[in-house]
Amino acid sequence: MPRQARIDIAGQFYHVMSRGIERGSIFLEERDYCDFKARVSMWLKESGAKCLAWCLMPNHFHLLLLRGSRPLSETMHHIMTGYAVNFNLRHERAGHLFQNRYKAVMCLGNGHLLELVPYIHLNPLRAGLVRNLRGLGEYRWCGHAAALIGKDDGILNRAEFIGKLGADEESALNKYKALIIDRAAGKEPDLMPGSLDEIPLSVLSNSHAMSADPAGFSVPLGKSENWIFKNRQAVLTAIGGITGVEPEDILRPGRERTAARARAIYCYLCKEKLSTSGPELMLELKVGQSAVSRLIAKGRGIVRSDTKIIQSVSSVLHWN
């Protein structure tokens with residue numbers, strides 16, 4: 001089946017992400033991070049693209065990019081291919097490093113953009129790589145410090161960042177700090193990001209355009225009324241950060257072991273903590289009643305045998 005053409009519009013924001021093949025590591029040591037970071041910095045300049053948020057994790061990366069004059073596919077090809085070749089040489093390995101093509105989710109509206117920035121920068125905290133927001137400010141492979149204190153990291157375009165978050169630096173930083181603190185504490189936005197009223201007509205006219213919530217769950221335009229319910233989205237995001245499974249893969253039916261395990265935990269916690277009904281989970285996961293029942297039972301067994309899971313999720317969501 002031929003690949004679906006990507007939507008690539010100059011001046012449009014994209015949430016770009018990719019992870020290691022079979023969820024394996026793409027960064028093993030400091031020089032790996034430095035190599036990838038240098039390539040991103042170079043190709044941002046070459047392409048005229050601008051970055052408002054970024055984060056490198058052991059087995060995946062996130063970039064929030066304003067597409068420049070050159071195609072996004074060209075930029076990402078040079079970054080990822082060049083890095084993969086050098087990574088294989090350094091670590092004496094062969095074969096693919098990244099899983100499939102990178103994902104590029106169009107950012108639809110300022111509300112969506114304002115949620116993506118803290119979502120991307122909070123990845124190290126959600127995954128337990130740092131203990132708190134102070135530690136996040138010291139995490140070298142994330143744009144949080146550059147955004148907060150203006151430390152030049154060679155990637156984040158602070159002028160663009162300030163311009164999108166506020167009328168001036170003070171108001172922008174106050175908004176960013178408030179967002180980071182609220183999202184780190186598990187507080188959900190009052191409104192779902194990406195209101196259809198904010199989407200350019202040029203995008204709405206494209207029937208293949210996709211939107212996404214900050215957790216990465218994608219839905220076709222025109223179906224925003226079916227976006228994930230706020231409380232379940234919080235659970236989904238928390239489990240994704242703890243297990244390393246992308247939220248969209250938790251919701252996608254499949255037998256891949258790690259994703260299936262995360263899906264079972266998600267179903268059990270939704271049922272146990274949010275009183276989510278079986279039919280609601282059936283509709284969300286696109287599976288039958290028996291499959292949901294099995295997932296809930298499996299999730300119950302996983303959580304009861306590994307209390308660290310519920311402790312981790314509870315710490316993020318402030319459950320008692």
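General observations
- Being farther than 23 Å from H121 by Cα, at pLDDT below 85 and assigned to a helix (DSSP H, G or I) is a description that applies to E280.
- Residues that are of a type outside the set (D, E, K, R) and within 19 Å of Q311 (Cα to Cα) within segment 260-274 comprise A262, A264, I265, Y266, C267, Y268, L269, C270, L274, listed in sequence order.
- Counted residues, segment 222-277 - those being at pLDDT below 80 and over 19 Å from the mean Cα position of the chain (by Cα): 4
- Any hit, segment 180-191, residues being in a helix (DSSP H, G or I), over 24 Å from R232 (Cα atoms) and either modelled with pLDDT under 95 or among the aliphatic types (A, V, I, L, M) (or both): no
- The set of residues from segment 101-128 being surrounded by fewer than 16 Cβ atoms within 10 Å (Cβ to Cβ) and not in a helix (DSSP H, G or I) comprises R101, G128.
- Hits in segment 117-151 - residues which are among the β-branched types (V, I, T) and under 16 Å from the mean Cα position of the chain (by Cα): V117, I120
The values are calculated or read from the model by the stated rules, or taken from the named source; none is laboratory data. The shown structure was predicted, so the numbers you read here are calculated from the model rather than taken from an experiment. Virtual Cβ from ideal backbone geometry, glycine too; neighbours counted across all protein chains shown.
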